[in-house]
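Asks: Before anything else, here's the structure in question.
Laboratory data are not the source of any read-out in this text; all were calculated from the coordinates shown. Note that the structure is a prediction, hence the values are computed from the model and not measured. Because the Cβ atoms are built from the backbone with ideal geometry, glycine has one as well, and the counts that use them run over all protein chains shown.
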Amino acid sequence: MINYRIDRNVAILSWNMTSSPMNVLNDDSIPAFEAALQRAYDDPEVKGIIITSEKNEFIAGADLKMILRNTDKDPAEMLKVSADLNRVFRAIETSGKPVVAAINGTALGGGYEACLACHHRIALDNPKAIIGLPEVTLGLLPGGGGTQRLPRMLGMEAALPLLLEGKRVSPKEARALGMIDDLAVSREELLEKAFAWINANPEPLQPWDERDRKTGRIVGKENVKVPGGAVQSPVGARVFSAGTAMVMEKTRGNYPAPLAILSCVYEGLQVNIDRALVIEARYFVKVATTKVAKGLIQTMFLGLNEVNKGISRPKNSPPTEVRKVGVLGAGMMGSGIAYAAAIAGIEAVLKDVTVEAAEKGKNYSRTVLQKNIERGKGTPEKAEAALSLIKTTADAEDLRGCDLIIEAVFENRELKAQVTQEAEPMLAEAGVFASNTSTLPISGLAQASAKPENFIGLHFFSPVDKMQLVEVIVGKQTSDYALAFALDFVKKIRKTPIVVNDSRGFYTSRVFTTYTSEGMALLKEGVNPVLIENAGKNAGFPVGPLAVSDEVSLDLICKISGQSIEDGALDETDTAYQVAGKLVALGRLGKKSKAGFYAYPEGEKKHIWPGLQEIFPLADSQPSVEEVKKRLLYRQVLETVRCFEEGVIRTQLDADIGSILAWGFPSYTGGALSFVDYVGIANFVSEADRLADAYGDRFRPTQTLREMAEKGKSRFEPTN
Ligand code: NAI
């Protein structure tokens, strides 16, 4: 697992784990690493140590499965993870021999913390490699000394953003920031530079260490000078208050890790490194055993990886490949879909009613590619190559031979039927036809198709170039082949799929609508709109329910609920229909008309429209923010549970990932179904009952929830 060789009196410890695709720190590799290091410390012939890897990456970090196994256990188990890392890393810097990290590729989390414990860091200048401490994004903090060594090395002002945002940078950027000391152009140079450094520095000391005069041992220094100023200096105080304010604004107190990182740095920098590491370990255990860390690791790391790898793909379907895709409609969505295909190297035929309209759609790609170049992403050559793959047309004949055609014309059943019948015959043999509809049931649209088994929904989100999720909708007749085909395509364009069964609004639109609708219900009851909006943001949503309704546009909300009323799924007492309808009747259509629940004065920040109070007078007594937050969250969770029970959503993972990526359901909960575990199943059911008694049966817990509460289960298992 860790190869050991001696070259010119230097021990080279080279990581090459066979039990996992990447080198990770876990119960097997940590003891092996420690043993290899000990061998080098003990060998009197060895005058220095180089740590490197034989894989493409250096060390990708701690094994998150190991962390997750321990989140549910006794905190003592978690403390052991941190204690093991600290013992190994602290020995590196106090053994008396020079140790150099020869960082040949990606070094993240615990992998980079190992580098921080080395006396010198040299990285291979590979633009694909990333370096950083991303723990915070998983609800954790660096528990292997990262919160202590980085600020002691760089100063707090430079270190805090890296720790609090979990920013990952290229080796070049890491060099510029001081996170590494040197760059090398080849693996050979990397090792040679490491040898040279060891030869020139036979007895190095970390800046936070000193040699004890009596014993000669290396120990932590008291009163270490922190670059840029100590914690209690005026600079330190300023950095800290700004950091805390930023964290509170961003997290609204929902994510414990950033505040714990600030405490680690604040408390740790006032004592010597050994005591500082104990402080860090205590905070590490505190955050690592929270439900927030569990949810983030489970959903946003391990879960997302599984979904991206294709966990939902029908097992026996042979691999498929889309080389040429047709996109019907070069509007907002169609142009984004053509862009996503082209940057993945797929030829895209973009068809609209006129070539000019199609060209306008292609210009969207031009603009996005240009902006990316300005931001240092991509080159003009790559942009040209992508653009050359987009062919604009008004002639259906140009679609001939497409493996996949995605329609993104206006949301109109008749028009969609017409374009399906026109374009479908142009498909290559065994080609698949997809609709990007956001509201029309797929099985109904498939009636226009000659091959409904090859008809599927591919629901992209706007703006397509930024939104990672695609909701793949399986109609009544959609075959496993078509599903596998669609999933292979989503993977090729590097997006994340969730698979849902056909239903009104599918999964994402259906549940998202309950957020806006509950916001409007609160308004109708006379709750202060400012309170409603703040509660939404405090709950962790990117925007309040009224602001997001304005963004969707109020006439569209009315139109969609109107359609449901026509179909008999809703009646005219529907809150959203009534509330949004009142504003639409006044010509307030939302953000697009610069008038909705909000007023949008030219050149000023938007604010709640004062006239709203006349339509929905404020009630005499106002609920607490907590109560409003609860209503907004529980309403969505209960609708998600119903989707799960009805089979619209198939797995807890799809529900969780979809909720976070589609409409910004707060990730600290682990997602819309994991929320139940976040608050505890028994608590969820009793609170939902209380809300139902107070505000209506939409909050009543379902049978599944009651059964789960009885058994004390908080995970949703598919029944079939
Ligand atoms: P859009 O109005 O921006 O674009 C529609 C385009 O279709 C127009 O360029 C129009 O000229 C073209 N078109 C009309 N008839 C055509 C025909 N016979 N052949 C070829 N092109 C034709 O609409 P948008 O927003 O791009 O939406 C398209 C579809 O995507 C709709 O079904 C919508 O519900 C769905 N959708 C929209 C989302 C959004 O955020 N706007 C999100 C997800 C799905």
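Asks: Hey, how many Å between the Cα centroid of the stretch 1-44 and the Cα centroid of the stretch 436-463?
Replies: 54
Asks: Work out the length of the dipole vector of the chain about its Cα centre, built from +1 on the beta-carbon of each Lys and Arg and -1 on the beta-carbon of each Asp and Glu, and round it to the nearest 20 debye.
Replies: Its charge dipole is roughly 1400 debye.
Asks: Give, in whole angstrom and from largest to smallest, the semi-axes √(5λ) of the equivalent ellipsoid of the stretch 324-502, with λ running over the eigenvalues of the Cα gyration tensor. List each step's numbers first, then the result.
Replies: On the way: eigenvalues 129, 61, 39 Å².
Output for the stretch 324-502: semi-axes of 25, 17, 14 Å.
Asks: So for the chain: antiparallel DSSP bridges make up what percent, rounded to the nearest 5? Intermediate results must be reported in sequence, preceding the final value.
Replies: On the way: 20 of 67 bridges.
Bridges in the chain are about 30 percent antiparallel.
Asks: Using a Förster distance of 45 Å, how high is the FRET efficiency between N254 and N9, based on the Cβ-Cβ distance and rounded to 0.05?
Replies: Details: r = 53 Å, r/R0 = 1.18.
Efficiency for this residue pair is about 0.25.
Asks: While we're looking at this one, here's another question. When the dipole is taken about the Cα centre of the stretch 2-288, and only Lys, Arg (+1) and Asp, Glu (-1) are charged at their Cβ, what size is it in debye, to the nearest 20? Let's see the in-between values first.
Replies: Details: 34 positive and 35 negative charges, 99 e Å.
Here the stretch 2-288 has a charge dipole of around 480 debye.
Asks: Report, to the nearest 10°, how far helix 575-585 tilts away from the longest principal axis of the Cα atoms in the chain, using its own Cα long axis and a range of 0 to 90°.
Replies: Value to nearest ten degrees: 70.
Asks: Could you rank the peptides 30-37, 501-508 by their average count of other C-beta atoms within 10 Å per residue, with the highest value first? Walk me through the intermediate numbers first.
Replies: Values: 30-37: 17.9, 501-508: 21.8.
Going from most to least packed, we get 501-508, 30-37.
Asks: Follow-up question, since we're still on this one. Using the Cα centre of the chain as origin and beta-carbon charges of +1 (Lys, Arg) and -1 (Asp, Glu), tell me which of V226, T379, I565 is placed farthest towards the positive end of the dipole.
Replies: The Cα lying farthest towards the positive end belongs to V226.
Asks: Still on this structure: Using mean Cβ contacts within 10 Å as the protection proxy, how do 108-117, 632-641 order, highest first? Intermediate results must be reported in sequence, preceding the final value.
Replies: Numbers: 108-117: 27.0, 632-641: 24.4.
My ranking of the peptides, most packed first, is 108-117, 632-641.
Asks: Please identify which residues in the stretch 504-522 have an amide N closer than 20 Å to a label point set 7 Å out from the Cα of S621, following the Cα→Cβ vector.
Replies: It comes to 522, nothing else.
Asks: Below 18 Å Cα-Cα, how many Lys pairs turn up in the stretch 509-711? Only count pairs eight or more apart in sequence, or on different chains, if you could.
Replies: Pairs that pass both the separation and distance tests number 19.
Asks: Can you compute the helix-only [θ] at 222 nm over the chain? Use -39500 (n - 2.57) per DSSP H run of at least 4 residues, normalise by all residues, nearest 500 deg cm²/dmol.
Replies: Working: 30 runs with 344 residues, N = 720.
Only helices count here, giving -14500 deg cm²/dmol.
Asks: Need the list of aspartates and glutamates near K167 for cross-linking: C-alpha distance under 16 angstrom, and skip anything on the same chain fewer than eight residues off.
Replies: Partners found: E113, E135, E157.
Asks: Follow-up question, since we're still on this one. Using 0.36 nm per residue, how much length does the chain from E384 to A430 gain when fully extended, once their Cα-Cα distance is taken away? All intermediate terms of the calculation are to be shown ahead of the outcome.
Replies: Details: separation 46, 0.36 × 46 = 16.56 nm, distance 3.09 nm.
Taking 0.36 nm per residue and subtracting the Cα distance, the gain is 13.5 nm.
Asks: How far apart, in nm, are the 7 Å Cα→Cβ label points at R217 and A417?
Replies: For the pair R217/A417, the computed spacing is 8.5 nm.
Asks: What's the angle, to the nearest 10 degrees (0 to 90), between helix 625-645's Cα axis and the longest principal axis of the chain?
Replies: That works out to roughly 70 degrees.
Asks: Sort out for me the Cα centre separation of the stretch 90-148 from the stretch 315-371, rounded to whole Å.
Replies: Measuring centre to centre over Cα atoms gives 41 Å.
Asks: Give the peptides 243-250, 534-541, 300-307 in descending order of average Cβ contacts within 10 Å, highest first. Kindly include the intermediate steps, with their values, before the conclusion.
Replies: Details: 243-250: 14.4, 534-541: 21.0, 300-307: 18.4.
Highest to lowest by the protection proxy: 534-541, 300-307, 243-250.
Asks: Angle, helix 256-268 long axis vs. longest principal axis of the chain, Cα atoms, 0 to 90°, nearest 10?
Replies: Long axis of 256-268 versus the principal axis of the chain: about 20 degrees.
Asks: Related question: Given the Cα-Cα distance of K47 and E646 and 0.36 nm per residue of separation, how much length would full extension add, in nm? Present the calculation step by step, with values, prior to reporting the outcome.
Replies: Numbers: separation 599, 0.36 × 599 = 215.64 nm, distance 6.69 nm.
Full-extension gain reported as 209.0 nm.
Asks: Pull up the cross-link candidates among the lysines for K382, meaning alpha carbon to alpha carbon under 21 Å and not fewer than 8 places away within one chain.
Replies: Straight-line reach from K382, under 21 Å: K128, K324, K360, K362, K371, K391, K466, K491, K492, K495.
Asks: For a Förster distance of 41 Å, can you work out the FRET efficiency between the beta-carbons of V353 and V543, rounded to the nearest 0.05? Could the numbers behind the result be given before it?
Replies: On the way: r = 34 Å, r/R0 = 0.83.
So the FRET efficiency works out to roughly 0.75.
Asks: Compute the Rg to Rh ratio over the chain from the alpha carbon atoms, using the Kirkwood formula for Rh, and round to two decimal places.
Replies: Numbers: Rg = 28.5 Å, Rh = 28.3 Å.
Rounded to two decimals, Rg/Rh equals 1.01.
Asks: Could you grab the relative contact order for the stretch 324-502? Cα pairs under 8 Å, six or more apart, rounded to a whole percent.
Replies: On the way: 379 pairs, mean separation 36.7, N = 179.
Relative contact order, the stretch 324-502: 21 percent.
Asks: Rounded to the nearest 0.05, what FRET efficiency do L205 and E604 give with R0 = 60 Å and r taken as the Cβ-Cβ distance? Could you check?
Replies: 0.55
Asks: Hey, another quick one. Within the stretch 1-37, whose backbone N sits under 11 Å from a point 7 Å along Cα→Cβ of E54?
Replies: Inside the label zone: 1-5, 14-18.
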